[in-house]
Amino acid sequence: MKQPYDLEQLQAAWQAAAAYTDKGNVATYIPELAKQDPRQLGVSVFLPDGTVISVGEADVCFTLQSISKIFSLIVALCQNGPDYVFERVGKEPTGDPFNSIIKLETIKPHKPLNPMINAGAIAVAGMIQGRDVEERITCILDLLRKMTGNPDIRVNEDVYESEKRTADRNRALAWFLKDSGVLVGDVEETLDLYFRHCAIEVTAKEVARMGMVLAADGVDPLSKERFFPADVARICKTFMVTCGMYNASGEFAIDVGIPAKSGVAGGILATVPQRMGIGVFSPALDDKGNSLAGVKLLEQLSRAWNLGIF
Ligand code: GLU
């Protein structure tokens, strides 16, 4: 009998999307990311019974970048509760690029509009508790180690150093947040935590498994262990729909219809409630910062497997 999600359809989606890898550009504003090979394309699907199907470069390591904003938010929500978190960061999409500074000054109070833009994620990093940066990053790493089943998940030091050296825009955002009273504590330390969590290294296979945990409302599909409350998963998935694909989130919601979060290294985490997690990796980006071939692949797969949630 034909499986509901079969490898042939995944291969067909991969094939169709592979034609787009030369249409985008790798991110260069973090110099280390400019070294990535734009022709790579990998996809992995993780199903509730633990079945994994993958095509292409699904075992190649890449850095989470903005995908990590979901996991820093999970830790901040678990440590502080939603009331504390949403006093300091909003719940609204911006329609602006991920690193935009403009609305921070024009809206009052000066809190970032949501936790998926850089300003919001820096504010969230400021809420993560611990004695020092080491202890604070370990909270995020521990969560990801559990979610992926890989105890060796770590920060890519070269990418971290590269971003730290060149992150003038993020520094500007952080100091503005400090001035507005949104960011408490040491600014450079919080930025350091933010650069580290963006540089956490994973594979598309691991991202698929992370997506499955979100799809299962915070429960590990294999051990049935709960990693975070269902309400936290609900908040994250809602942000993924409204702000997960930068200022192309509306278009993605209509064309693909799956909660997803992308990062400038070319990764996309997609989560289909109760049905599957999907990890995609292809470093050539479109003009909004989303993986160009990655979006094409998800579009095709959503149609083939009827994955849209709306
Ligand atoms: N570390 C990146 C930055 O702050 C993350 C951006 C992204 O992936 O959207 O610019």
Only unsatisfied item for LYS288, checking (1) at pLDDT below 95; (2) within 16 Å of the ligand (Cβ to nearest atom); (3) under 26 Å from LEU77 (Cα atoms), is (3)
Those residues of region 217-264 which are more than 17 Å from GLU299 (Cα to Cα) and among the hydrophobic types (A, V, I, L, M, F, W, C) amount to VAL219, LEU222, PHE227, PHE228, ALA230, VAL232, ALA233, ILE235, CYS236, PHE239, CYS243, VAL264
Quick check, is THR63 open to solvent by less than 10 Å² (accessible area, probe 1.4 Å), within 16 Å of the ligand (Cβ to nearest atom) and of a type in the set (Ser, Thr, Tyr)?
yes
For region 256-296 the number of residues that are assigned to a strand (DSSP E or B), of a type in the set (Ser, Thr, Tyr) and over 15 Å from CYS236 (Cα atoms) is 1
I'd like to check something: does region 46-60 contain any residue that is closer than 18 Å to ALA284 by Cα, within 16 Å of the ligand (Cβ to nearest atom) and either part of a loop (DSSP other than H, G, I, E, B) or of a type in the set (Ser, Thr, Tyr) (or both)? no
Note: among LYS288, LYS296, just one is over 13 Å from GLY211 (Cβ atoms), of a type in the set (Lys, Arg) and buried (at least 24 other Cβ atoms within 10 Å of the Cβ), namely LYS296
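Kindly check whether there is at least one residue in region 122-141 that is within 15 Å of the ligand (Cβ to nearest atom), surrounded by fewer than 18 Cβ atoms within 10 Å (Cβ to Cβ) and under 25 Å from GLU32 (Cα atoms).
Filtering region 122-141 for residues within 15 Å of the ligand (Cβ to nearest atom) gives 122-126, 137, 140.
Filter once more, keeping what is surrounded by fewer than 18 Cβ atoms within 10 Å (Cβ to Cβ): none.
Scanning region 122-141 turns up no residue that is within 15 Å of the ligand (Cβ to nearest atom), surrounded by fewer than 18 Cβ atoms within 10 Å (Cβ to Cβ) and under 25 Å from GLU32 (Cα atoms).
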Of the residues in region 14-43 that are more than 16 Å from the ligand (Cβ to nearest atom) and in contact with a Phe, Trp or Tyr (Cβ under 9 Å, 6 or more places away or on another chain), the one that is most open to solvent (accessible area, probe 1.4 Å) is GLN40
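The values are calculated or read from the model by the stated rules, or taken from the named source; none is laboratory data. Remember, predicted model here, so these are calculated numbers, not experimental data. Quick reminder, even Gly has a Cβ in these numbers, built from the backbone with ideal geometry, and neighbours come from all protein chains shown. Ligands, DNA and RNA are excluded from the accessible area calculation, which covers all protein heavy atoms including side chains. Shrake-Rupley method; radii C 1.70, N 1.55, O 1.52, S 1.80 Å.
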